[in-house]
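What follows is a short report on a single structure.
The values are calculated or read from the model by the stated rules, or taken from the named source; none is laboratory data. Predicted model, so just to flag it, every value in this text is computed and none were measured. Positions of Cβ are generated from backbone atoms using ideal geometry, with glycine treated the same way; all protein chains shown enter the neighbour counts. Quick note on the areas: whole protein, heavy atoms, side chains included, nothing else; ligands and nucleic acids left out. Shrake-Rupley method; radii C 1.70, N 1.55, O 1.52, S 1.80 Å.
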Amino acid sequence: MSQKILLTSKEVNIILHRLACQLIENHLDFSNSVLIGIQPRGVSLAERLKTILETDYNIKNIPLGFLDITFFRDDFRRGEKQLEANKTHIDFLVEDKKVVFIDDVLFTGRSIRSALSAIQSFGRPAEIELLVLIDRRFSRHLPIQPDYRGRQVDVINDEKVKVCWKEKDGEDAVYLI
């Protein structure tokens, strides 16, 4: 299985800071905004963005939650592969808040559709935005587009995009496999 590097550690760092600045432009002090990482792969990106916003841009008290979408997926119990649930951790209200969903790769859009259904259990947000590190633009099954994207890539359907995080995988990088 061959792999091609799409983003190096330096490029990931630059993109994360750009995304953080774009969030600041639209949410200022985050007093009415919350970040929600979509389990499992959006969690690392959400945590990293929150850290950058707090340490490099001095924005404090940004609510960060994690949303499990397993039981809201349209392929739940449809195949041989048994899906494993993750933990949802949202200890704040999303009612009338600006919610920013965060995920590593936007592929078909089905995970985001599931997240839109799942978040309703926590209230009715005033607005929902989507931030992704990688946008696979030609693979969409649903009409879902990101508000913030790190990099847009053209990938053939049988190719995979693998996002690696220093905390979990030992390096910050994005590969095409």
What tally of residues in region 155-165 results from selecting those that are open to solvent by 90 Å² or more (accessible area, probe 1.4 Å) and either modelled with pLDDT under 95 or among the acidic types (Asp, Glu) (or both)? 4
Quickly run through region 148-177 and pick out the residues that are touching a residue at least 60 places away in the same chain (Cβ under 8 Å), part of a loop (DSSP other than H, G, I, E, B) and among the charged types (D, E, K, R). Glu171, Asp172
Could you give me the residue pairs with C-beta distances under 8 Å whose first residue belongs to region 47-76 and is over 20 Å from Lys87 (Cβ atoms) and aromatic (Phe, Trp, Tyr), whose second residue is assigned to a helix (DSSP H, G or I) and at pLDDT 95 or above wherever it lies, and which are 6+ apart or on separate chains? Tyr57/Ala20; Tyr57/Cys21; Tyr57/Ile24
Options Ile128, Ile119, Ile134, Ile144; residue that is among the aliphatic types (A, V, I, L, M), assigned to a loop (DSSP other than H, G, I, E, B) and either surrounded by 15 or more Cβ atoms within 10 Å (Cβ to Cβ) or in contact with a Cys (Cβ under 7 Å, 6 or more places away or on another chain) (or both): Ile144
Filter region 8-61 down to the residues that are closer than 17 Å to Lys168 by Cβ and part of a strand (DSSP E or B) and list them by number. Gly37, Ile38
If we scan region 62-69, do we find a residue that is of a type in the set (Asp, Glu), surrounded by 12 or more Cβ atoms within 10 Å (Cβ to Cβ), assigned to a helix (DSSP H, G or I) and at pLDDT 95 or above? no
Can you name every residue in region 90-116 that is at pLDDT 95 or above and either part of a strand (DSSP E or B) or basic (Lys, Arg) (or both)? Lys97, Lys98, Val99, Val100, Phe101, Ile102, Asp103, Asp104, Val105, Leu106, Arg113
When you scan region 93-115, do you find a residue that is loosely packed, with under 12 Cβ neighbours inside 10 Å and farther than 19 Å from Leu19 by Cα, even just one? yes
